[in-house]
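S.K.: One structure coming up, written as structure tokens, with questions to follow.
The values are calculated or read from the model by the stated rules, or taken from the named source; none is laboratory data. Only a predicted model underlies this, so the values are computations on that prediction, with no experimental measurement involved. Because the Cβ atoms are built from the backbone with ideal geometry, glycine has one as well, and the counts that use them run over all protein chains shown. To get the accessible areas, we keep the full protein, side chains included, count just its heavy atoms, and leave off ligands, DNA and RNA. Shrake-Rupley method; radii C 1.70, N 1.55, O 1.52, S 1.80 Å.
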Amino acid sequence: MAIKINFDNSFSNLPNKFYSKIVPEKTKKPDLIILNKNLCDELNLDYKNLASSEGVNFLSGNLVLKNSDPLAMVYAGHQFGNWVPQLGDGRALLLGEVLAKNNVRYDIQLKGSGRTPYSRGGDGKAWLGPVIREYLVSEYMNNINIPTTRSLSAITTGDNVYREETYPGAVLCRVARSHIRVGTFQYFYSREDTKSLKILADYFIKNHFPNLEKKENKYFELFKNVVDGQIDLVAKWMKVGFIHGVMNTDNTSISCETIDYGPCAFIDNYKSDKVFSSIDSMGRYSYKNQPNILMWNMACFASTLVPLLEGKEEKNIDILQKEISSIPEKYKSKWLIEFSKKIGLKNVYPENEILINRFLEILESENLDFTNSFRGLIQEVENSNELVSKTDTFKSWKNDWKKLLKNKSSKEEVCKTISSNNPAFIMRNHLVEQIIQELLIDKRDTLNKSLACIEKPFEKISHYENMYVSPTKEQEVQETFCGT
Ligand code: AMP
Ligand code: MG
């Protein structure tokens, strides 16, 4: 059966300054590792068709469909605070866009499909490790209700990829509401190309905020919407102990989806200044610094919009600055709502903030697991013995917490709130590492277990006990690397 996808491309109709049209490199012997059935259904794609050898050829870049119009997007960005005037998809190609069942438009992109004009010194390829990491972590994020790019498939190419050693090459098929980044706006802004900047902003508004199209101050409204979306996103990352690791402006999506799963990881034992990434020696993108970086990235975005705003420039800058200054307060109230739910409270009471911070201090000083300790509060609701910790500090915290819970909601309600806001399963780094090592010797045990856990992250599968525990000292991953 011939493979058919109803591409409905719009980005490729923008002026050619926005991209380079280029076809994916051929792969030697593509083989399917994972194909996402749920996502196929959501996108109106035929799972069986995509799983066929022709489908796998398509998902590896070997087969370019007639109605696909592959292109590498251009962008710029601040990497670790340093300005880079030109970046772009160095190892990714947008194949086209499709309309999902809910009529929402999605980009279909291949990652690891070969060199593009933006590859600089890179080979444009990816190996199995980063492809599997991105597949698992992004699908996990989606299933714990955090906005993210999705993964449709992971394929091995049959080609070798050379890093420090030789590894099996792989291609990920990434799906996103949009691949437009703060860096895309920065690219045109830095070239003083206001005409293209306007085309970009109008294009984004048309596809994402059609209700803003007729508004007088639509670019300012766009900014406010993106700021709100980014606040929501980062608060949700903090809630689950997610460290993105490389929050450069080229990895900050205007559609406010988590994008670019490189050196990311979830915190095991809580440490507020935790860093995983091997290249983040200054801790710029540490756990606790993520909200500050969000503000920094939004300030970069704001600058790019100045040429588009009507009226006096000084006044416009003033309005944008006020919006940026409001980020910490808005973020804090979002954080408070999310963390209150983590301790079982659906409402924010005056006592919540101190109580949450005291709990975090206990986790940090006693070296306790972040998510499992919050989830452990379910047992503490009923139990008179302390299970999360045996210390007096925790006992006294538990007393105060119980006092606050009393009369606020029923025990059942509290337990329900805790269990639906603290996942039982975390796609921990040591599991990802184990899965990659197993796949390298053709074993799929931990991969299959993880895929089952990802399906229902807020429940425990009874015979998979060891999937839910924090890593042993030996298993703990100390450092993560950019996914190339
Ligand atoms: P990242 O830090 O993963 O966002 O990547 C930064 C830039 O480097 C992006 O423009 C990527 O497209 C590019 N890049 C990363 N890895 C490779 C690679 N293996 N080959 C070519 N370009 C790459
Ligand atoms: Mg990137």
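S.K.: Do we find a residue being in contact with a Leu (Cβ under 9 Å, 6 or more places away or on another chain), surrounded by 20 or more Cβ atoms within 10 Å (Cβ to Cβ), of a type outside the set (S, T, N, Q) and farther than 23 Å from Ile436 by Cβ anywhere in segment 32-40?
M.R.: Scanning segment 32-40, I find no residue that is in contact with a Leu (Cβ under 9 Å, 6 or more places away or on another chain), surrounded by 20 or more Cβ atoms within 10 Å (Cβ to Cβ), of a type outside the set (S, T, N, Q) and farther than 23 Å from Ile436 by Cβ, so the answer is no.
S.K.: Which residue out of Gly77, Gly61, Gly88 is on the phi > 0 side of the Ramachandran plot and either aliphatic (A, V, I, L, M) or in contact with an Asp or Glu (Cβ under 6 Å, 6 or more places away or on another chain) (or both)?
M.R.: Checking each option against the conditions leaves just Gly77.
S.K.: With respect to Ile155, determine if the residue is farther than 20 Å from Ile180 by Cα, away from ligand 1 (no atom under 16 Å from the Cβ) and in contact with a Ser or Thr (Cβ under 6 Å, 6 or more places away or on another chain).
M.R.: yes
S.K.: Name the residue that is farthest from ligand 2 (Cβ to nearest atom), counting only residues in segment 175-194 that are farther than 19 Å from Asp41 by Cα and basic (Lys, Arg).
M.R.: Arg191
S.K.: From the set of residues in segment 256-307 that are closer than 25 Å to Asp107 by Cα and among the hydroxyl-bearing types (Ser, Thr, Tyr), which is farthest from ligand 1 (Cβ to nearest atom)?
M.R.: The qualifying residue farthest from ligand 1 (Cβ to nearest atom) is Thr304.
S.K.: Does Asp69 qualify as being open to solvent by 10 Å² or more (accessible area, probe 1.4 Å), part of a loop (DSSP other than H, G, I, E, B) and not hydroxyl-bearing (Ser, Thr, Tyr)?
M.R.: Considered against the rule, which asks whether it is open to solvent by 10 Å² or more (accessible area, probe 1.4 Å), part of a loop (DSSP other than H, G, I, E, B) and not hydroxyl-bearing (Ser, Thr, Tyr), Asp69 comes out as yes.
S.K.: Right, next: Taking Leu94 as the residue in question, decide whether it is open to solvent by less than 10 Å² (accessible area, probe 1.4 Å), assigned to a strand (DSSP E or B), over 30 Å from Asn448 (Cβ atoms) and within 16 Å of ligand 1 (Cβ to nearest atom).
M.R.: Considered against the rule, which asks whether it is open to solvent by less than 10 Å² (accessible area, probe 1.4 Å), assigned to a strand (DSSP E or B), over 30 Å from Asn448 (Cβ atoms) and within 16 Å of ligand 1 (Cβ to nearest atom), Leu94 comes out as yes.
S.K.: Let me ask something else. Any chance you could count how many residues in segment 253-274 are within 15 Å of ligand 2 (Cβ to nearest atom) and open to solvent by less than 10 Å² (accessible area, probe 1.4 Å)?
M.R.: 8
S.K.: State all residues of segment 102-132 that are modelled with pLDDT under 95, farther than 14 Å from Asp8 by Cβ and more than 12 Å from ligand 1 (Cβ to nearest atom); if no residue qualifies, say none.
M.R.: Across segment 102-132, the qualifying residue is only Asn102.
S.K.: Based on what the data block shows, is Glu134 of a type outside the set (A, V, I, L, M, F, W, C) and in a helix (DSSP H, G or I)?
M.R.: Taking the combined requirement at face value, the residue satisfies it.
S.K.: Look through Leu152, Leu172, Leu197 and report the one residue that is open to solvent by less than 10 Å² (accessible area, probe 1.4 Å) and either modelled with pLDDT under 95 or within 16 Å of ligand 2 (Cβ to nearest atom) (or both).
M.R.: None of the other options fit; the residue is Leu172.
S.K.: Filter segment 101-134 down to residues that are open to solvent by less than 10 Å² (accessible area, probe 1.4 Å) and closer than 11 Å to Tyr261 by Cα and give me whichever is nearest to ligand 2 (Cβ to nearest atom).
M.R.: Only one residue fits best here, namely Glu134.
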